[in-house]
Amino acid sequence: MDDEELDGRISRLARIGRARDFSAARFRRDLDAAVDEGVSRGELLGRLITEWTGVAVPVAEVGPVWEEVERLHGVLSQAVPGPVSLQTALLHEFHSKRGLLQEPRLLSDRDVMTLRGDAITDPLTGLYNRRFLLDHMEREVSRAERSGSVVSVLLMDLRGFKGINDHLGHAVGDGVLVRTARRIRESLRVVDAGCRYGGDEFVAVLPNTDLVHTLTVAERIRQRVALIRLPLRVGLRVDLNYGVATYPADGRTINFILKMSDVRLYASKPKSDQRTGVRRWPRFAVQGLTLDLAGGRAGRLSTEVRDIGYGGLSFTYAGDRVSDRLQGEVVQRYSSEAHPVTIRPVSVVRLRAGRLRVGCAFEA
């Protein structure tokens, strides 16, 4: 029996021994089965004692100790109303009678680690849960405040998910959530954290990442989610909406940052009166984002970006006309990084006072 199989045997014996409806016959049957496979009884019981108590008992002493534990279990079963687990008898022997434990161990180290993981993990998707998200955001915002850096929050939800649940059932819907979580996890760095916020909403926390870089991550996730395959006959597909907010440009508290990402998520969703195909990528209004355009002899022209998405941006321009191709840099407030861009105007709306609202697409 290899180490993995031995660990599995011990885990099974531990589950049986800690059960309130402990069955001595079932325990002995599993113990004898393991012994028949070439593991000594003393080694198995010694490992089990260590699992429950943290105390290492020499193999030569395991037999007498275990006989006393079984005897004590019989006494406790008669004296205590209700069922008594074998683990209870073992802890009583080591704590109350032998004084080997200052405090009785109700859980093994492995169980404690499992419980800690379960407490911060979403059971369906395996991503971190909302409890972890809020604690993690507090830590990352505090770290960014101390170091003068930025941290971005990417809030996502699934487009078309309600139709999947309604037409294909919740089991298929759960499968879509699991596959979405896998694509989110595969798209993030080790230092990033992917979380399930609730329902079909997911959050990614990206340290040292400004809004422009976060849009690249968001679009990478969206493209991968859009490849999730559903039964062709139902005519359904899944896609992703997203919104991004950044500390400290969009807020200095985690609640406000989450609120801003939620507002931008809603703004990025296609509206019911919007013609299909008009907006290829999600876009939303932003603050604190500046476009510095190369202005030839006039130098650089700085203007505020009004909204942005992975595919382009819009800004207000003072003048009667705009060039067919523009170059410049996008800079986010509080971020030291500038992003060189080449953009091509695709829509121009005349405003009052000789100003233009220019919508541009990024060029490779």
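The values are calculated or read from the model by the stated rules, or taken from the named source; none is laboratory data. Being a predicted model, the structure only gives us computed values, none of them experimental. Every residue, glycine among them, receives a Cβ derived from its backbone with ideal geometry; neighbour counts consider all protein chains shown. The area values use the complete protein model at the heavy-atom level, side chains included, leaving out ligands, DNA and RNA. Shrake-Rupley method; radii C 1.70, N 1.55, O 1.52, S 1.80 Å.
State whether the residues of segment 152-163 include one that is modelled with pLDDT of 90 or more, at negative phi and part of a loop (DSSP other than H, G, I, E, B).
Within segment 152-163 (the criterion being modelled with pLDDT of 90 or more, at negative phi and part of a loop (DSSP other than H, G, I, E, B)), the answer is no, since none of the residues qualifies.
Going through segment 140-159 one residue at a time, which ones are small (Gly, Ala, Ser) and either touching a strand residue (DSSP E or B) at 6+ places or on another chain (Cβ under 6 Å) or open to solvent by less than 10 Å² (accessible area, probe 1.4 Å) (or both)?
If the condition is that a residue be small (Gly, Ala, Ser) and either touching a strand residue (DSSP E or B) at 6+ places or on another chain (Cβ under 6 Å) or open to solvent by less than 10 Å² (accessible area, probe 1.4 Å) (or both), then 144, 152 are the ones that fit.
Counting just the residues of segment 197-234 that are of a type outside the set (Val, Ile, Thr), surrounded by 14 or more Cβ atoms within 10 Å (Cβ to Cβ) and part of a loop (DSSP other than H, G, I, E, B), which one comes out modelled with the lowest pLDDT?
If we take residues in segment 197-234 being of a type outside the set (Val, Ile, Thr), surrounded by 14 or more Cβ atoms within 10 Å (Cβ to Cβ) and part of a loop (DSSP other than H, G, I, E, B), then 230 is modelled with the lowest pLDDT.
What residue, among those in segment 335-360 that are open to solvent by 20 Å² or more (accessible area, probe 1.4 Å) and among the hydrophobic types (A, V, I, L, M, F, W, C), is nearest to residue 151 (Cα to Cα)?
338
Could you tell me whether any residue of segment 17-28 is assigned to a helix (DSSP H, G or I) and under 17 Å from residue 56 (Cβ atoms)?
Looking for residues that are assigned to a helix (DSSP H, G or I) and under 17 Å from residue 56 (Cβ atoms), one finds none in segment 17-28, hence no.
Can you work out which of the residues in segment 164-192 that are small (Gly, Ala, Ser) and assigned to a helix (DSSP H, G or I) is nearest to residue 251 (Cα to Cα)?
187
Which one is surrounded by the most Cβ atoms within 10 Å (Cβ to Cβ) among residues in segment 235-253 that are out of contact with any helix residue (DSSP H, G or I) (no Cβ under 6 Å at 6 or more places or on another chain) and more than 23 Å from residue 270 (Cβ to Cβ)?
Of everything passing the filter in segment 235-253, 249 is surrounded by the most Cβ atoms within 10 Å (Cβ to Cβ).
What are the pairs with Cβ atoms under 7 angstrom where one residue, in segment 301-326, is among the hydrophobic types (A, V, I, L, M, F, W, C) and the other, located anywhere, is modelled with pLDDT of 85 or more and exposed (fewer than 13 other Cβ atoms within 10 Å of the Cβ)? Sequence gap at least six, or different chains.
315/304
Please verify whether segment 330-343 includes one or more residues that are small (Gly, Ala, Ser) and over 26 Å from residue 152 (Cβ atoms).
Scanning segment 330-343, I find no residue that is small (Gly, Ala, Ser) and over 26 Å from residue 152 (Cβ atoms), so the answer is no.
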